[in-house]
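Here the structure is laid out as structure tokens; the discussion comes afterwards.
What follows draws every value from the coordinates through simple rules; no lab data is involved. Owing to the predicted nature of the structure, the values given are computational and were not obtained by experimental measurement. Note: ideal-geometry Cβ built from the backbone for every residue, glycine included; neighbour counts use all protein chains shown.
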Amino acid sequence: MRLLILSFFILMLAACSNAQPIDEPEPETAEEETDQENSAENDEVSESEEKPEEPELEPAYDSTGNVDVLSPDFHKDYLNNYYYNSYGGIERGMTKNEVAATLGEPSDEDDVPVDEVFNDIGVRYSSPSDTVEQILVTPEEDISLDKVIESFGEPTQDLSPEDTGTNVRILTYQPAEDANFYIVVEGDEDDNVSLIYPSYTSNAAVVNEDNVLDFISAYYDKNVIDMSLINFEDPVLNETEGYFEVPFVNIHHGLTGHFRVWLYGQVEYINENGEYAYGEFIPYANGEIK
């Protein structure tokens, strides 16, 4: 091996000794530089022209609760967002009268596990306040699960009744590998779609020391609360339980407490007495809070 290396270096030295001097290139003129710059700019323009922008998605629902479930606008939007308590013009906290004023009177549908049905939208109300807690999609027409797969694409999971321990088949669609939620497409006994709704997974780990305050900020945004008067201390990770604890003080009222931010995205407000007061799940996918 050493002989081979030595022979290689001898050859290299010989080649260098026989090499002729190389003339230095003449400096480019201003005209040549301008031509190159223009060429580069044209290339950039050409590249941008080759990648047309995605058209904005249109709402897949109308003002009476009809939802075009098989349209691209529906699955491109719904499968990538966490519409648990806000969809079709309905928001969490609305009363039954407010929902009826938005979508019209509910139908007489009684074979779907929701409190009220408005064409293709189902609503569940919280007790005892009787205000909107969850919004679901419940297609009025028969749509087979196979038709859903044909429209939405292959699911993340295709769970048989044996897998779920029930008498129905369930499809799940996770928007991204790092997502802490997924979309459930639940079938009925005839293998047609019964319900479509988002659900979260507690197995994800999306919260870290760098973004924990972003999750708290999203909690404030969801509850329309001003957090500018809140001073937060540094987050402390409880590795055993799997959450960050973030003490705070309201500099206006003097109230104290802390937030418990679970690694999978649940944010809980713990009052100054150490009691759980309120919680909010914060959806996350593709490296950002949704």
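For the cross-link pairs LYS76/LYS96; LYS96/LYS222; LYS147/LYS222, which exceed 23 Å when the distance is taken from alpha carbon to alpha carbon? It would help to have the intermediate numbers written out before the result.
Numbers: LYS76/LYS96 29 Å; LYS96/LYS222 21 Å; LYS147/LYS222 35 Å.
With Cα atoms farther than 23 Å apart: LYS76/LYS96; LYS147/LYS222.
Summarising the amide proton neighbourhood of TYR284: residues at separation of 5 or more, or on other chains, whose placed amide H is nearer than 5 Å comprise ASN180, PHE181, LYS290. Our coupling estimate for the range 61-70, obtained by passing each phi through the Karplus curve with A = 6.51, B = -1.76, C = 1.60 and θ = phi - 60°, is 10, 10, 6, 10, x, 6, 10, 8, 4, 8 Hz, Gly and Pro reported as x.
The string of couplings for the range 149-164 from the Karplus curve (6.51, -1.76, 1.60, θ = phi - 60°) is 4, 4, 8, 7, x, 5, x, 5, 9, 10, 9, 7, x, 5, 5, 8 Hz, one whole number per residue in order, with x for Gly and Pro. Footprinting exposure proxy ranking of ILE121, ILE143, ILE216, ILE149, fewest other C-beta atoms within 10 angstrom first, gives ILE149, ILE143, ILE216, ILE121. Remark: the range 116-130, residue by residue, has Karplus-estimated 3J(HN,Hα) of 9, 10, 10, 6, 9, 10, x, 10, 10, 10, 7, 10, x, 5, 6 Hz, where x stands for each Gly or Pro and the curve is 6.51 cos²θ - 1.76 cosθ + 1.60 at θ = phi - 60°.
Once both labels are positioned 7 Å from their Cα atoms along Cα-to-Cβ, the gap between SER129 and ASN208 label points is 3.5 nm.
Using 1/(1 + (r/R0)^6) with R0 = 41 angstrom and r between the beta carbons of ASN223 and SER71, what's the FRET efficiency to the nearest 0.05? Intermediate values should be presented prior to the final figure.
Working: r = 32 Å, r/R0 = 0.79.
According to the calculation, E is roughly 0.80.
Note on ASP110 and GLU98: the model spin-label points, each 7 Å out from Cα along the C-beta direction, lie 2.9 nm apart. Computed over neighbours whose Cβ is under 10 Å from that of TYR276, the net charge equals -1, Lys and Arg +1, Asp and Glu -1.
Per residue and in Å³, how big is the convex hull formed by the alpha-carbon atoms of the range 212-289?
Numbers: hull volume 7.3 nm³, N = 78.
Given the Cα convex hull of the range 212-289, per-residue volume reads 93 Å³.
Relative contact order for the range 212-289: what is it in percent, counting Cα pairs under 8 Å that are at least 6 residues apart? Provide the component values of the computation, followed by the final result.
Numbers: 132 pairs, mean separation 17.5, N = 78.
Value for the range 212-289: 22 percent.
Figure legend: label point modelled 7 angstrom from the Cα of LEU57 along Cα→Cβ; no residues of the range 176-217 have amide N under 11 Å from it.
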